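What follows is one structure encoded as structure tokens, with my remarks underneath.
The values are calculated or read from the model by the stated rules, or taken from the named source; none is laboratory data. It should be emphasised that the depicted structure is a prediction, and the values quoted were computed from it without experimental measurement. Positions of Cβ are generated from backbone atoms using ideal geometry, with glycine treated the same way; all protein chains shown enter the neighbour counts. SASA here: full protein model, heavy atoms, side chains in, ligands and nucleic acids out. Shrake-Rupley method; radii C 1.70, N 1.55, O 1.52, S 1.80 Å.
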Amino acid sequence: MQAHEIDYQIFGEEMQYVEIELDPQEIVIAEAGSFMMMEDGIQMETIFGDGSDQQQSGLFGKLLSAGKRVLTGESLFMTAYQNRNFKKSKVSFAAPYPGKIVAIDLAQFGGRFICQKSSFLCAAKGVSVGIEFSKKLGRGLFGGEGFIMEKLEGDGMVFVHSGGTLARKELAAGEVLKVDTGCIVGFTKDVDYDIEFIGGIKNSLFGGEGLFYATLRGPGTVYVQSLPFSRLADRIIASAPKAGGNSREEGSLLGGLGNLLDGDNSF
């Protein structure tokens with residue numbers, strides 16, 4: 001086994017965090033900003049890329065590996081947490097928004113898992129975090145969030161985050177699942193994915209669901225989220241107060257009268 005063998009426990013329901021127990025000298029890598037807490041004896045170190053054995057040696061190789069991460073919208077750097085104690089120590093990483101943390105054992109999935117960009121939370125040292133380039137032009141032009149996916153390779157544990165409620169679908173050979181591109185969390189290496197046009201003038205102009213969706217074809221395992229972060233952000237932005245302190249509540253039954261009753265006469 002090349003990756004460090006780590007133990008873990010996931011806590012919480014809606015806002016989860018994962019607690020990872022490291023043996024002496026064991027290392028876990030994580031995205032910047034996911035750290036929650038750690039016990040004494042664990043040392044943090046910022047590294048280029050993922051620090052895996054698959055990362056090319058030399059300065060150019062490290063820059064190339066780290067540069068690929070920029071294409072997925074991630075930072076050039078990752079953080080490694082190593083247990084420098086003579087006993088087991090724990091470090092915890094928190095989910096960035098309400099949802100579920102999914103533990104993926106790459107050894108059980110053939111050594112590779114493809115996930116949505118920004119879904120990756122942390123992994124055992126030795127796991128390679130790269131990008132999955134699409135070879136089809138349609139995915140590049142119309143895939144949106146589903147175009148550039150992250151590729152997790154190795155034989156260790158990885159942890160990815162989903163928004164809202166998580167669904168796990170087991171696809172038989174040839175079975176097809178159509179999913180909003182933003183709702184994909186990830187899938188196993190044997191799943192074939194493509195981008196498909198919804199079709200229909202009314203669907204395209206008035207459907208409100210976008211023009212394209214992802215088509216996933218089995219065999220394999222697919223994880224789907226009910227609330228991708230982009231959808232959550234759109235709802236927050238749409239409900240945010242407008243310039244001058246007015247909000248969408250002005251379109252309610254009371255409209256400006258409601259603001260007047262509240263002592264706000266700026267309508």
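Quick notes on this structure:
- Qualifying residue in the range 98-116 (condition: at pLDDT 90 or above, hydrophobic (A, V, I, L, M, F, W, C), open to solvent by less than 10 Å² (accessible area, probe 1.4 Å) and in contact with a helix residue (DSSP H, G or I) (Cβ under 9 Å, 6 or more places away or on another chain)): yes
- Residues that are open to solvent by 50 Å² or more (accessible area, probe 1.4 Å), in contact with a strand residue (DSSP E or B) (Cβ under 9 Å, 6 or more places away or on another chain) and either farther than 24 Å from ALA233 by Cα or not hydroxyl-bearing (Ser, Thr, Tyr) (or both), drawn from the range 155-172: LEU166, ARG168, LYS169, GLU170
- Members of the range 13-35 that are in contact (Cβ under 8 Å) with a residue 24 or more places away in the chain and over 16 Å from ASN83 (Cα atoms): GLU14, MET15, GLN16, TYR17, VAL18, GLU31, ALA32, GLY33, SER34
- Search result, residues across the range 222-237 that are assigned to a helix (DSSP H, G or I) and either within 16 Å of ALA95 (Cα to Cα) or open to solvent by less than 40 Å² (accessible area, probe 1.4 Å) (or both): PHE229, SER230, LEU232, ALA233
- Residue match in the range 81-93 (condition: within 27 Å of VAL185 (Cα to Cα) and at pLDDT below 95): no
- Of all residues in the range 29-38 being buried (at least 16 other Cβ atoms within 10 Å of the Cβ) and not hydrophobic (A, V, I, L, M, F, W, C), the one that is modelled with the highest pLDDT: SER34
- Residue count for the range 181-193 satisfying the condition of being of a type in the set (Asp, Glu) and either touching a residue at least 40 places away in the same chain (Cβ under 8 Å) or within 19 Å of ALA107 (Cα to Cα) (or both): 1.
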